[in-house]
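**Student:** Below you'll find the structure I mean.
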Amino acid sequence: MPPVFPMLTVLSMFYYMCLRRRARTATRGEMNSRRAIESNTRALPINVEIVQYAKEVLDFSSHYGSENSMSYTMWNLAGIPNVYPSSGDFTQTAVFRTYGTWWDRCPSARLPFTRTPSTFCSQDYVELAFEEPVYPTAVHILETYHPGAVVRILACSANPYSQNPPAEVRWEILWSEAPTKVNGPQARQFTPCIKQINFPTNLIRLEVNSSLLDYYTELDAVVLHGVKERPVLSLKTSMIDMNDIDEDEDEEKFACGMDTLNKQFNIVTLREWPTNGYFDKLPYELIQLILSHLTVPDLCRLAQTCKLLYQHCCDPLQYIHLSLQPYWARINDTSLEYLQSRCTLIQWLNLSWTGNRGAISVSGFSRFLKVCGSELVRLELSCGHFLNETCLEVITEMCPNLQELNLSSCDKIPPQAFNHIAKVGSLKRLILYRTKVEQTALLSILNFCSELQHLSLGSCVMIEDYDLIASMMGAKCKKLRSLDLWRCKNITESGIAELASGCQLLEELDLGWCPTLQSSTGCFTNLARKLPNLQKLFLTANRSVCDTDIEELAANCTHLRQLDILGTRMVSPASLRKLLESCKDLSLLDVSFCSQIDNRVVLELNANFPNVFIKKSFTQ
């Protein structure tokens, strides 16, 4: 029997190394504490926790409110709570644009990208800046209505108030979880257990998924708790963390670092194997089909195993549809450069949320499209704040087959840049939600892009005359199927008449929060009579909608699936019964704040029409 003493010696040495590590950590912590107490320049000792509310909202993907007010906007997340601990629907809160799955069940719904990792389920985000960079110890989210939408909390190494931006912007996930259904719409303070990070931060990002909610989630404030100095592990810790053996604690691996993905893209050496196993016996097409179920990082890892799989993983056919949105924190110019040779046949590309804070440059984006843009049919660039006029010009020149372009919330693009879009006559879908597109550019787009089927102009505040825009749509865009005019401030019955006469294929129309439309002019009756294919109609916050309008919809729009008449005072229970009896496919009816529709009526309608989700919001 071999002696056991060498093994005991090794274990003793290992234990001794761990104790030394603990001792060094404790010594540094004690020295730092002593310096903090003795120094007069420090405002607080390091063991004092700093509690701060968000100072500023830096960026967000969408909101329910207007660009020119504070009601229901993301800007309400700055500062102390306005509503909490009260529950209900309040205008002083932050509300995202969508909820539930209704937006996935309407004519304007887009097909999802395959290969999206199961761990990524975010639909919207908001980024918040705080006064003091701290090492986070807790994040409190004050939710006042229909909580449960937050699915990820991230911290950024960049200080938005620093005059010297860092060479590398790092993001770390503090907490992440799949969407969950919360019982009841009541307010709550959400405090998930976050992990420690190795850099101070004053930039926090919340990502949400509202697909399981019965109504819009409302957020009131975010509280960041943290300390000025990096926390050290206590000497009382009973278990030894294997990571503590590393000599330099500051060189810990950063999970969301860009280098990780870039190294996977850049395959330098391949293992030499005598054979490729049984893969040699499989048809090329079958291997391609198997690999089509892998995510992009998994493809990059698999490519390092052998030459055969390297060939398959780099085949441009694997990158016909590519979504880089799940990896927004890692994508930069280097990533795009590594992907160029693989994306020569790409048709669908999703770069939404990527490239911000200098990660993608105009030149890097342009180089990629010059190599990979010729076959592009669909291009998603939502919240791409690196985009400028040069980028739009490159898109229109390098993507002659483009049919779908999403520029949602790209609010940094200058107004004159949108003129370039008119050169893409093949466009069928154009999303300009929350952009600075102006009237002249939009008229040019409508004139030359007559194939448009889906158009979103929600919250486009720089358009002066929507009646003129509607008239051009009616004259040029005969194939239009969905139109979003959310919070359009100046369209009248004249524009609606032109639109209804010329775009009779319309199946979806959002006229929510359009205050210049009045039922007394007959505009809604005209819509109902001339647009029999309507499946979705939002007349949100139009107080003039009346029984006559509802009865016309019941008589003429029998395919109606979704109707929002929030806020009207003129609709009675009798007209709603006629609508529900006539429109057999109706699945969503929002009657929130409709003064004649009380909870008793809603309960009765729910009992008689169980297949319809009838929403009645409230305020306490």
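**Student:** Evaluate segment 387-400: report whether one residue or more is touching a Phe, Trp or Tyr at 6+ places or on another chain (Cβ under 7 Å) and assigned to a loop (DSSP other than H, G, I, E, B).
**Tutor:** No, segment 387-400 contains no residue that is touching a Phe, Trp or Tyr at 6+ places or on another chain (Cβ under 7 Å) and assigned to a loop (DSSP other than H, G, I, E, B).
**Student:** Shifting gears a bit: How about segment 536-567: which of its residues are in a loop (DSSP other than H, G, I, E, B) and either hydroxyl-bearing (Ser, Thr, Tyr) or open to solvent by less than 40 Å² (accessible area, probe 1.4 Å) (or both)? Outline the logic, then answer.
**Tutor:** Restricting attention to segment 536-567, the residues satisfying the condition of being in a loop (DSSP other than H, G, I, E, B) are 539-545, 557-561, 565-567.
Across segment 536-567, the qualifying residues are Leu539, Thr540, Ala541, Asn542, Ser544, Val545, Cys557, Thr558, Leu560, Ile565, Leu566, Gly567.
**Student:** Still on this model: Count, please, the residues in segment 155-212 that happen to be in contact (Cβ under 8 Å) with a residue 24 or more places away in the chain, assigned to a loop (DSSP other than H, G, I, E, B), open to solvent by 20 Å² or more (accessible area, probe 1.4 Å) and not basic (Lys, Arg).
**Tutor:** So the count comes out to 22.
**Student:** Something else now. Would you point out which residue out of Ser409, Ser450, Ser459, Ser471 is out of contact with any strand residue (DSSP E or B) (no Cβ under 6 Å at 6 or more places or on another chain) and in a helix (DSSP H, G or I)?
**Tutor:** Answer to the selection: Ser471.
**Student:** Here's a follow-up. Pull out all pairs, ordered by first then second residue, where Cβ-Cβ is under 7 Å, the residues are six or more apart or on different chains, the first lies in segment 592-620 and is in the same structural domain as Ser575 (by the TED database), and the second is modelled with pLDDT of 95 or more and among the charged types (D, E, K, R).
**Tutor:** Lys615/Asp590
**Student:** Same structure, new question: Just to be sure I understand, how many residues within segment 568-581 are in a loop (DSSP other than H, G, I, E, B) and buried (at least 21 other Cβ atoms within 10 Å of the Cβ)?
**Tutor:** 2
**Student:** Let me ask something additional. Please go through segment 255-301 and pick out each residue that is at pLDDT 90 or above, under 29 Å from the mean Cα position of the chain (by Cα) and open to solvent by 40 Å² or more (accessible area, probe 1.4 Å).
**Tutor:** Ser292, His293, Leu294, Asp298, Arg301
**Student:** Just wondering, is there one or more residues in segment 498-506 that are open to solvent by 40 Å² or more (accessible area, probe 1.4 Å), of a type in the set (A, V, I, L, M) and assigned to a loop (DSSP other than H, G, I, E, B)?
**Tutor:** Yes.
**Student:** Then there's this: Just to check your reading of the model, which residue among Ser494, Ser450, Ser444, Ser456 is modelled with pLDDT of 95 or more and within 27 Å of the chain's Cα centre (by Cα)?
**Tutor:** Ser456
**Student:** Please determine, by comparing only the residues of segment 60-119 that are open to solvent by less than 40 Å² (accessible area, probe 1.4 Å) and β-branched (Val, Ile, Thr), which one is nearest to the chain's Cα centre (by Cα).
**Tutor:** Thr98
**Student:** Further question on the same structure: Which condition number in (1) assigned to a strand (DSSP E or B); (2) touching an Asp or Glu at 6+ places or on another chain (Cβ under 6 Å) is the one that His140 fails?
**Tutor:** Status for His140: all satisfied but (2).
**Student:** When you go through (1) crowded, with 22+ Cβ neighbours inside 10 Å; (2) closer than 23 Å to Gln288 by Cα one by one for Thr344, which number turns out not to apply?
**Tutor:** (1)
**Student:** Looking only at residues that are over 14 Å from the mean Cα position of the chain (by Cα) and within 18 Å of Asn356 (Cβ to Cβ) in segment 120-132, which one is surrounded by the most Cβ atoms within 10 Å (Cβ to Cβ)?
**Tutor:** Leu128
**Student:** Next question. For the structure I just gave you, tell me whether Arg529 is in the same structural domain as Ala475 (by the TED database), under 24 Å from Ser482 (Cα atoms) and more than 32 Å from the chain's Cα centre (by Cα).
**Tutor:** Considered against the rule, which asks whether it is in the same structural domain as Ala475 (by the TED database), under 24 Å from Ser482 (Cα atoms) and more than 32 Å from the chain's Cα centre (by Cα), Arg529 comes out as yes.
The values are calculated or read from the model by the stated rules, or taken from the named source; none is laboratory data. This is a predicted model, so every value here is computed, not measured. Note: ideal-geometry Cβ built from the backbone for every residue, glycine included; neighbour counts use all protein chains shown. Heavy atoms of the whole protein, side chains included, go into the accessibility calculation; ligands, DNA and RNA do not. Shrake-Rupley method; radii C 1.70, N 1.55, O 1.52, S 1.80 Å.
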